[in-house]
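The values are calculated or read from the model by the stated rules, or taken from the named source; none is laboratory data. Predicted, not measured: the structure shown is a model, and the values here were computed from it. Because the Cβ atoms are built from the backbone with ideal geometry, glycine has one as well, and the counts that use them run over all protein chains shown.
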Amino acid sequence: MARDARSSGGLFDRLKMGLSKTHEGFVNRVERLVLRRNKVDEDLLESLEELYIQSDIGPRTTMELMDGLREAISRKEVGSPEKVLAFLRRQAAETLAGSGGSLSLPADGPAVILAVGINGSGKTTTVAKLGNRLQREGRKVILAAADTFRAAASEQLEIWGQRAGLDVIAQKPGSDPSAVVYDTIQAAQARRCDVVLIDTAGRLHTKVNLMEELKKIGRTAAKLVPGAPHETLLVLDATTGQNALAQVRLFHEALGLTGLVLAKLDGTAKGGVIIGLAREFDIPVKLIGVGEKIDDLQDFEPENFIKALFEDL
């Protein structure tokens, strides 16, 4: 995806601000824990392990990272608190390296993007922000209000659509979501739109019937556009922390996710969960939400993320 036309410096500053709670709640706590020690011993490692788990890195990833640190200590590569900090930062960077990715949209549209996730994850807001961004990049975008269960969902999407100048196709509450998608894609083809963005109803990842409904939406899209949906993005609320790992696992098994979107990073100290996601799943993190404004949706760029997270604010 093309970069925002504004300066990369401005985007980076917003990224730093969006990660400020995670910086304070995770990175600064790690620094304080390590630097107040006079030596590197098992007590320090156990305390670090506990802090990583509290920060929602995830038990499995935490154990793997701490085992790596222990090996480095045994090889005499790390022998001081300062070197422990340097090692942990390098370890985080290596874990996230290659975990980003751009949206893959066919040139001969309409490209179809399906946004899924549990209730309250930020799907509707993310769909609107992404539509606004794609439009600024010169693409003609149309939104499908396929969350027909929540009475205010279509209205919410239409409000966002009006702000961004985007067309929204909706039907009355209780309508078949696949019918909304069918109508939207037909409208997109008639209007020569480049992208169809589908907002779906929030659902518990454990509800089989609701997962089957998402599969039906995908089949409907594929009947009208070969290869659709071209992107199936799971929108995760970063404030849920470690629970995001279970969501990814079950949504991916059901739908075959092509990417993750980590929303609400600015509202949590649990942004470190992205390290666990990168370690446990071979699914790229494509976008991150670092604020409430319509243009606060950024590409996930691992190098900039690590730099912003570990730099002093």
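When residues in region 35-59 are screened for being over 22 Å from GLU280 (Cβ atoms) and among the acidic types (Asp, Glu), 4 of them pass.
Looking only at region 38-55, filter to residues that are part of a helix (DSSP H, G or I) and hydrophobic (A, V, I, L, M, F, W, C); which one of those is nearest to the chain's Cα centre (by Cα)? Filtering region 38-55 for residues that are part of a helix (DSSP H, G or I) and hydrophobic (A, V, I, L, M, F, W, C), the one nearest to the chain's Cα centre (by Cα) comes out as ILE53. Scanning region 248-267 for residues that are in contact with a Gly (Cβ under 8 Å, 6 or more places away or on another chain), surrounded by fewer than 22 Cβ atoms within 10 Å (Cβ to Cβ) and either polar (S, T, N, Q) or free of Cβ contacts under 8 Å to residues at least 60 places away in the same chain (or both) gives no hits. Cβ-Cβ contacts under 9 Å between residues 6 or more apart (or on different chains), taken from a first residue in region 74-90 that is under 21 Å from PRO302 (Cα atoms) to a second residue that is among the acidic types (Asp, Glu) and in a helix (DSSP H, G or I), are listed as LEU85/GLU31.
Quick check on region 285-304: of everything there that is touching a Ser or Thr at 6+ places or on another chain (Cβ under 9 Å) and crowded, with 18+ Cβ neighbours inside 10 Å, which residue is farthest from GLU94 (Cα to Cα)? If we take residues in region 285-304 being touching a Ser or Thr at 6+ places or on another chain (Cβ under 9 Å) and crowded, with 18+ Cβ neighbours inside 10 Å, then LEU297 is farthest from GLU94 (Cα to Cα).
Filter region 277-297 down to residues that are part of a strand (DSSP E or B) and at pLDDT below 95 and give me whichever is farthest from ASN132 (Cα to Cα). Within region 277-297, the match that is farthest from ASN132 (Cα to Cα) is GLY289. Of all residues in region 191-214, those satisfying the criterion of being closer than 26 Å to ASP167 by Cβ and not in a strand (DSSP E or B) are ARG191, ARG192, CYS193, ASP194, ALA201, GLY202, ARG203, GLU213, LEU214. Report yes if some residue within region 157-170 is in contact with a Gly (Cβ under 6 Å, 6 or more places away or on another chain), assigned to a strand (DSSP E or B) and closer than 23 Å to ILE288 by Cβ; otherwise report no. Within region 157-170, not a single residue is in contact with a Gly (Cβ under 6 Å, 6 or more places away or on another chain), assigned to a strand (DSSP E or B) and closer than 23 Å to ILE288 by Cβ. Given the structure, is ARG29 in a helix (DSSP H, G or I), under 28 Å from ILE288 (Cβ atoms), without any contact (Cβ under 8 Å) to a residue 60 or more places away in the chain and charged (D, E, K, R)? It is true that ARG29 is in a helix (DSSP H, G or I), under 28 Å from ILE288 (Cβ atoms), without any contact (Cβ under 8 Å) to a residue 60 or more places away in the chain and charged (D, E, K, R).
Checked against the criterion of being assigned to a helix (DSSP H, G or I) and buried (at least 23 other Cβ atoms within 10 Å of the Cβ), the candidates ALA228, ALA188, ALA144 yield just one match: ALA188. Evaluated against (1) in contact with a helix residue (DSSP H, G or I) (Cβ under 6 Å, 6 or more places away or on another chain); (2) part of a helix (DSSP H, G or I), MET17 falls short on exactly one condition, (1).
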